[in-house]
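Participant: Pasting in a structure now, in structure tokens, and then I'll have a few things to ask.
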Amino acid sequence: MRIGIDVGGTHTDAALLQGDTLLAATKASTSADVVSGITAAFDHILEKSGVAAGDIECVMIGTTQFTNAVVERRELAKTAAIRIGLPSGKGLRPFTDWPQDIAEAIGGMDFMIRGGTLYDGAELAPLDEDAIDQAIAKIGASPVRQIAISAAFAPLNSNPEEWVARKIKARMPDALVTCSHTIGGLGLLERENAAILNAALLPFAERVVASFELALKRRGIACPLFISQNDGTLMGAKFVQSFPALTFASGPTNSLRGAWKLTGREDALVVDIGGTTSDIGVLQSGFPRESYNIVDVGGVRTNFRMPDILAIGVGGGSVVAEDGHSIGPHSVGHYLKEEARIFGGEQLTLTDIAVATDALELGDASKVADLDPALVEAARSTMQNMLDEAIDRMRPGGRKLPVILVGGGAALVTEKLTAATETIIPKNSGTANAIGAAIAQIGGEAEQMVSYKDVPRSEAMAKVEAEAKRSAVLAGAAAETLKVVDVDEAPVPYMEKGAMRLRVKVVGELASLGGVT
Amino acid sequence: MRITADDLDALALGSVFLATGGGGDPYIPKLITARALAEYGPAPIIAPADLPDDAFVCALGSVGAPTVSLELLPSIDEASGTLDAFEAHLGRKIDAVAAFEIGGGNSLIPLLAAAARGIPMIDGDGMARALPEAQMMTYAMQGISPTPSVAYDYQGNIAHFDCSDPLEYESVIRQHAVDNGGMITTAEHPMSGAECKAAIIPGTLSFALKLGRLLGDNRGPVNVLVEPLERVFENTIYGACRLVYSGKVGAKTSRVVGGYDVGEAVIESLESDQEPLTITIKNEYLLAQVGAQIIASVPDLIVIVDAETSMPINAERLRYGQRVAVFVIGAPQVYKTASALEVVGPRYFGFEHDYRPFQ
């Protein structure tokens, strides 16, 4: 048996699963003290199901704490940035184009050093070992212990970054280091930014993991602990202590994976309807479709792979205009219980409309009994149209697919969505995110720029695939269960024929609990 | 006229629009240009008509893959270093610089060189849009030799070229880029002020800025943009601008045409009875057709914008499901001669039809 927990900004959801069967689920407010929030969730589902703490084999946690830390500029440690790439890139130092407040919170120390690789694998410049020694000495003499290392074309050749990391470890054993090639793909500035954010979160990651472990210990749960990451796969607790930034989008990802688990639909659109927005994502072979765009995290440009999510202002708290023909984006949010009509408030929200149409039983229905039926119908159909249009935008290749509704606001939708082949509201749709956390698998990926003129396609593919598998096994996957789930091949524009950017992603089962998911 | 850091967003936006899907992401070129303008002050701009006939001018820009410069970050030195090497090679001071093309980084590189050197950038370019090869520039078409030229790589290595045939020059310089890190900066097409006036497409830089400001002011649903956009192209070197199609991006496929790997994007109409529009891509958007009927083809400009934000979309950012509007703008007159069409017309790109101007 295993427990999935989703620690969100407002709610902590938990689900207990045995094999494919959901035994118990719970939803509670997130407490300021994360440990007691999690222990309360444990108590609730163990009591509800009658399962003993000793029978829990695995706990998976999805958390937005690291995203919130970046957005709110707290818990961030000062980080030194070392970039290997001179003589190129002189004009653009690390921390270029960062918002001032976060640059001040993290930055202040950066180094640019000769070295790195070219697109074809040739040496950009010999690594300047003296300059590296000087940089390490300078950092060593300062209080800064977090270091981010980036190098030109590091996804193609990680040796320069690894060499510098080893040197730092030897000279400063207490340093916490992030190498850019371990965290992002091509795009030096964005990958470097991602590595800096990750390094700045490393001390906080140790505290967060310690608090999760403490919560397990307090309830006598002695089993492996995993944290869910952006792509819907898991990382071990030790791994998240090195890669906290890989959790940035785990919230929406877990909803998508939970929707897959609840319905068994491998290819579908998922609409997660919350209080303020509806987040629409796409399931492809049971995993979230990823976005190819630059992702802004707290104002910093990064190239993390995140699920492709379209958010529109339709949620339970969205405010309905007087004529019913326009909805949101303003929402009463978590003041629903004070401001919505059915709770005696003044605002007409989508929740009020749902109660007026008998789709929902909540609050005092008499408060919406006198609403003009034309207004109610206009609001209902406006909402359906907004959802239909957004779903239509996300459909892969123009195909019509089933739509799975999850989240607290799923009950708002009362009629079949015309953009869908069918509309599914699964049982327990409210805790899809916690269920999603509980079924995550282990993954790995690798990316390289290759020329099919020099290396045959099959050989290049095999090499990148082997690299992806190696990283999955390192993260805790059972090698024999690994499957390729995504291959992305894109020609490099304005270059000789055959130059390609090749990325392979593999996913497999947890080695410690083979077959559990 | 001078260009300041405040103009860069608009200039980049207008340039991406005129780059017709190609030219790469302007983010990094914009960052370094902003730094150059902060360090050296605004870049002076000169109209071609104001150039002295005996001025000494060259075209300056980068050659290679925009994807490479995501890792091999460009810097200010490359633009000014290229000019230094060019002057040393020719033994003459450059009085003003001109752009290869309007698009992604190449409309900004001469600007940062101009700012760093305190010499003017000429308001104009050799393409009035983005196109992939050197012989497609009006400088070459007007008979100006591409060489002597110099190329400057990421290490500051300098190479000299001597090759008067534009087609051959294109293949030599492209290979040099491939062999030297994938991205180089070149100064080429040395010309006098008088020659430049005859060859350059005038006013395209200030037009890109004006267009970018218009786009910036009209962010939002594309129906608001249509009328002002059509108006801004009136009485310019371009032909008429028309909205030709609205829909959403459906399937994207690829096939081989005339030896090139060519991509295709299908835009599906939201009206069910309308046939989809197919856009053929080779770096830029080159051909738009509904069924067998050709709506527009290179050198006319085919531009795709996001229907909700009105922002132009680069080919690599075009994505399934996006709601888009497709505009066509008539090519500048200089591209409509028989000799120009030989190097920028549909047949050069491997299509099997002749150019018919967009009406």
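Every number here is computed from the coordinates shown, using simple stated rules; none is lab data. A quick note: this is a predicted structure, and the numbers were derived from the prediction, not measured. Note that each Cβ is placed from the backbone with ideal geometry, even for glycine, and that neighbours are counted across all protein chains shown.
Participant: Taking the Cα centroid of segment A:142-159 and of segment B:125-174, what is the distance between the two, rounded to the nearest whole Å?
Facilitator: Here the two parts' Cα centres lie 37 Å apart.
Participant: Does anyone have the angle between helix A:250-263 and the longest principal axis of chain A? Alpha-carbon axes, 0 to 90°, nearest 10?
Facilitator: Around 60 degrees separate the two axes.
Participant: Of B:S62, B:S297, B:S339, which is the most mobile in a GNM of chain B whose springs link Cα atoms less than 10 angstrom apart?
Facilitator: Fluctuation is largest for B:S339.
Participant: Using a 10 angstrom Cβ neighbour count of at most 12 plus a DSSP loop assignment to flag exposed trypsin sites (Lys or Arg not before Pro), which longest range of chain B is free of such sites?
Facilitator: B:94-359
Participant: If the cut-off is a Cα-Cα distance under 19 Å, which lysines reach A:K169, setting aside same-chain residues fewer than 8 apart in sequence?
Facilitator: Cα-Cα hits under 19 Å: A:K78, A:K138, A:K238.
Participant: Would you calculate the separation in nanometres between label points at A:E480 and B:S164, each defined as 7 Å from the Cα along the Cα-to-beta-carbon direction?
Facilitator: 7.3
Participant: When DSSP assigns beta bridges and you keep just the ones with both residues in segment A:6-145, what percent turn out antiparallel, to the nearest 5?
Facilitator: Taking every DSSP beta bridge within segment A:6-145, about 60 percent pair in antiparallel fashion.
Participant: Turning to a different aspect of this structure: Note the per residue figure in Å³ for the convex hull of the C-alpha positions in segment A:1-111.
Facilitator: In segment A:1-111, the Cα convex hull volume per residue is 155 Å³.
Participant: Then there's this: Which GluC sites (Glu not before Pro) in segment A:408-469 sit in a loop by DSSP (not H, G, I, E or B) and have at most 15 other Cβ atoms within 10 Å of their own Cβ?
Facilitator: Values: sites: A:E415, A:E422, A:E445, A:E447, A:E459, A:E465, A:E467; in loops: A:E415.
Here the GluC sites (Glu not before Pro) that fit, given the DSSP loop and packing criteria, are A:E415.
Participant: Right, another one. According to the square roots a ≥ b ≥ c of the eigenvalues of the Cα gyration tensor, what is the shape class of segment A:150-275, taking rounded for a/c under 1.5, prolate for a/b larger than b/c otherwise, and oblate for the remainder?
Facilitator: Oblate.
Participant: What list of ³J(HN,Hα) values in whole Hz, one per residue of segment A:77-83 in order, does the Karplus curve 6.51 cos²θ - 1.76 cosθ + 1.60 (θ = phi - 60°) give from phi, with Gly and Pro shown as x?
Facilitator: With the stated coefficients, segment A:77-83 comes to 9, 4, 9, 8, 10, 10, 10 Hz.
Participant: Quick one: compute the contact order of segment B:73-218, relative version, from alpha carbon pairs under 8 angstrom and 6+ residues apart, as a percent. Each step should come with its number before you reach the end.
Facilitator: On the way: 221 pairs, mean separation 39.1, N = 146.
Across segment B:73-218, relative contact order equals 27 percent.
Participant: Among the lysines, which have Cα under 18 Å from the Cα of A:K469 when same-chain residues fewer than 8 positions away are ignored?
Facilitator: Reachable lysines: A:K483, A:K505.
Participant: A follow-up question, please. Taking a label point 7 Å from the Cα of A:K169 along the Cα→Cβ vector, which residues of segment A:176-213 have an amide N closer than 17 Å to it?
Facilitator: Of the residues in segment A:176-213, A:176-183, A:199 have backbone N under 17 Å from the label point off A:K169.
Participant: Given a 10 angstrom Cα cut-off, can you work out which residue in B:A99, B:A49, B:A265 is the most mobile in a GNM of chain B?
Facilitator: B:A49
Participant: Students often forget the sequence filter, so: which lysines lie under 19 Å Cα-Cα from A:K337 once same-chain residues fewer than 8 apart are removed?
Facilitator: Hits, sequence-local ones excluded: A:K27, A:K367.
Participant: Run through all the Cα pairs of the protein assembly as shown and give the fraction in each 10 Å bin from 0, expressed as whole percent.
Facilitator: Cα pair-distance distribution for the protein assembly as shown, in percent: 2, 12, 20, 23, 20, 14, 7, 2, 0, 0.
Participant: Then there's this: Please give the direction-averaged projected area of the C-alpha convex hull for segment A:311-435, in square nanometres with one decimal. Walk me through the intermediate numbers first.
Facilitator: Values: hull surface 31.2 nm².
Spelled out: convex hull of the Cα atoms, projected over all directions, averaged, 7.8 nm².
Participant: Using label points projected 7 Å from each Cα along Cα→Cβ, tell me how many nm separate A:K427 and A:A210, to one decimal.
Facilitator: 4.3
Participant: Could you tell me what percent of the DSSP beta bridges with both partners in the protein assembly as shown are antiparallel, to the nearest 5?
Facilitator: 75
Participant: While we're here: DSSP loop (so not H, G, I, E, B), at most 16 other Cβ within 10 Å: list which GluC sites (Glu not before Pro) in segment B:161-250 pass both filters. Before the final figure, lay out each step's value.
Facilitator: Numbers: sites: B:E168, B:E170, B:E188, B:E195, B:E230, B:E234; in loops: B:E234.
Those satisfying the criteria are B:E234.
Participant: Which stretch or stretches of segment A:114-128 have amide N atoms under 12 Å from the point lying 7 Å from A:R470's Cα along the Cα→Cβ direction?
Facilitator: Answer for segment A:114-128: none.
Participant: Report the FRET efficiency, 1/(1 + (r/R0)^6), for A:A365 and A:A53, where r is their Cβ-Cβ distance and R0 is 45 Å, rounded to 0.05. Don't skip to the answer; put the middle values down first.
Facilitator: Details: r = 42 Å, r/R0 = 0.93.
Efficiency, rounded to the nearest 0.05: 0.60.
Participant: If you don't mind, there's one more thing I want to ask. Enumerate the residues in segment A:15-31 having an amide nitrogen under 17 Å from the point lying 7 Å beyond the Cα of A:A222 toward its Cβ.
Facilitator: Hits in segment A:15-31 for A:A222 at 17 Å: none.
Participant: I'd like the orientation of helix A:129-140 relative to chain A: the angle between its Cα long axis and the longest Cα principal axis, in ° from 0 to 90, rounded to 10.
Facilitator: 50
Participant: Set Lys and Arg Cβ to +1 and Asp and Glu Cβ to -1, take the dipole of the protein assembly as shown about its Cα centre, and tell me which of A:N68, B:S192, A:V35 lies farthest positive.
Facilitator: So the residue we want is A:V35.
Participant: With labels modelled as points extended 7 Å from the Cα through the Cβ direction, what inter-label distance (nm, one decimal) is found for A:D454 paired with A:E338?
Facilitator: With each label point 7 Å from Cα toward Cβ, the separation is 6.4 nm.
Participant: If you take the Cα Rg of segment B:2-202 and divide it by 2.2 N^0.38 Å, with N the number of residues, what do you get?
Facilitator: It is 0.90.
Participant: May I ask which residue of B:N106, A:G140, A:P288 lies farthest towards the positive end of the charge dipole of the protein assembly as shown, with charges of +1 (Lys, Arg) and -1 (Asp, Glu) on Cβ and the Cα centre as origin?
Facilitator: With unit charges placed on the Cβ atoms, the residue in question is A:G140.
Participant: Can you give the relative contact order of chain A as a percent, counting alpha carbon pairs under 8 Å and 6+ residues apart?
Facilitator: Once divided by the residue count of chain A, the mean separation gives 14 percent.
Participant: Taking every DSSP beta bridge with both residues inside chain A, roughly what % is antiparallel (nearest 5)?
Facilitator: Percent antiparallel among DSSP bridges in chain A is about 60.
Participant: Just to be sure I understand: with springs between alpha-carbon atoms less than 10 Å apart, which residue in B:P52, B:P332, B:P202 has the highest mean-square fluctuation in the Gaussian network model of chain B?
Facilitator: Of the options given, B:P52 has the highest mean-square fluctuation.
Participant: Work the Kirkwood hydrodynamic radius out for chain A: mean of 1/r over every pair of different alpha-carbon atoms, inverted, in Å. Please report the intermediate quantities before stating the final value.
Facilitator: On the way: mean 1/r = 0.0410 Å⁻¹.
So the Kirkwood estimate lands at 24.4 Å.
Participant: Over all alpha-carbon pairs in segment A:79-200, figure out the percentage whose distance exceeds 21 Å.
Facilitator: 29
Participant: Which of the GluC sites (Glu not before Pro) across segment A:317-378 are loop residues per DSSP, with 10 or fewer other Cβ within 10 Å?
Facilitator: A:E322, A:E346, A:E361
Participant: For a Förster distance of 35 Å, can you work out the FRET efficiency between the beta-carbons of B:E342 and B:K210, rounded to the nearest 0.05?
Facilitator: Taking R0 as 35 Å, the efficiency between B:E342 and B:K210 is 0.65.
Participant: In whole angstrom, how far apart do the alpha carbon centroids of segment B:57-89 and segment A:281-354 sit?
Facilitator: Answer, in whole Å: 46.
Participant: Using only Cα atoms, tell me the angle between helix A:159-171 and the longest principal axis of chain A; keep it within 0 to 90° and round to the nearest 10.
Facilitator: 80
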